[in-house]
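The values are calculated or read from the model by the stated rules, or taken from the named source; none is laboratory data. Everything numeric here is computed off the predicted structure, so don't read it as measured data. Counting neighbours? That spans all protein chains shown, and the Cβs are built from the backbone with ideal geometry, glycine included.
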Amino acid sequence: MVVLPSRVRPRLARALALTAVGALGPVALLAPAGAEARTVALADGSSRVRLLDLRSLAPQRTARVPGRSYALAFGGDGAQLYVGAGHGVVAVDPSTGAVGGSRPTGITPRGLAVATASGRVVAGGGRRLVVLEPGSLARGATITLERGAGVTAVAVDASGSRALVA
């Protein structure tokens, strides 16, 4: 039997709980700058995105989005949650669960990332990446990947000038 110090046990319990939640579908964490994550967003392939308290995993609110949700990303300041839903991207206010703007992308987003410096949202699905402007979600560049490639996950650097695609 392994005995863990008392200060480690709560962190380990949260990590294990988050791993269990993550097994259900895409997960995004929200944390104010310099703080621990406090909100977990969960997309399970339905038209509901659940927002949970990380410490207790108790439901805080549910946002209804137009279409099945498969990808999530919080904006750099945590004021917006972006959801890949149906064939577009939807902005959700994580404090209220209210759905704000939405933008059709022509893809079913399977990966979503936000560049912290610019706020640009990068959605990926099929063989394409679509770049959306912050706030308005106006469509910017569309990048088509080579034949045989398929997007299941997206990560971008802080500036949004480089992306990793899996």
For this session: Just give me the residues in segment 51-68 being closer than 26 Å to Val156 by Cβ, at pLDDT 90 or above and surrounded by fewer than 21 Cβ atoms within 10 Å (Cβ to Cβ), in sequence order.
Result: Pro66, Gly67, Arg68
For this session: Kindly list the number of the only condition in (1) under 20 Å from Gly119 (Cα atoms); (2) among the small types (Gly, Ala, Ser); (3) modelled with pLDDT under 55; (4) surrounded by 11 or more Cβ atoms within 10 Å (Cβ to Cβ) that fails for Ala33.
Result: (4)
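Looking only at strands (runs of 3 or more DSSP E) that lie completely in segment 57-105, which have at least 3 residues being under 15 Å from Leu132 (Cα atoms) and under 15 Å from the mean Cα position of the chain (by Cα)? Can you show your working first?
Details: elements: 59-64, 69-74, 81-85, 88-92, 99-104.
Per the criteria, 69-74, 81-85, 88-92.
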Exercise. Can you name every residue in segment 134-156 that is part of a loop (DSSP other than H, G, I, E, B) and out of contact with any Ser or Thr (no Cβ under 9 Å at 6 or more places or on another chain)?
Worked result: Gly135, Ser136, Ala138, Leu145, Glu146, Arg147, Gly148, Ala149, Gly150, Thr152, Ala153
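Let's see how each residue does on (1) under 19 Å from Val165 (Cα atoms); (2) among the β-branched types (Val, Ile, Thr); (3) crowded, with 23+ Cβ neighbours inside 10 Å:
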{"site": "Tyr70", "(1), (2), (3)": "yes, no, no"}
{"site": "Asp77", "(1), (2), (3)": "no, no, no"}
{"site": "Thr105", "(1), (2), (3)": "yes, yes, yes"}
{"site": "Gly111", "(1), (2), (3)": "yes, no, yes"}
{"site": "Gly125", "(1), (2), (3)": "yes, no, yes"}
{"site": "Leu129", "(1), (2), (3)": "yes, no, yes"}
{"site": "Pro134", "(1), (2), (3)": "no, no, no"}
{"site": "Ala138", "(1), (2), (3)": "no, no, no"}
For this session: Identify the single condition in (1) part of a loop (DSSP other than H, G, I, E, B); (2) closer than 14 Å to His87 by Cα that Gly125 does not satisfy, given that it satisfies every other one.
Result: (1)
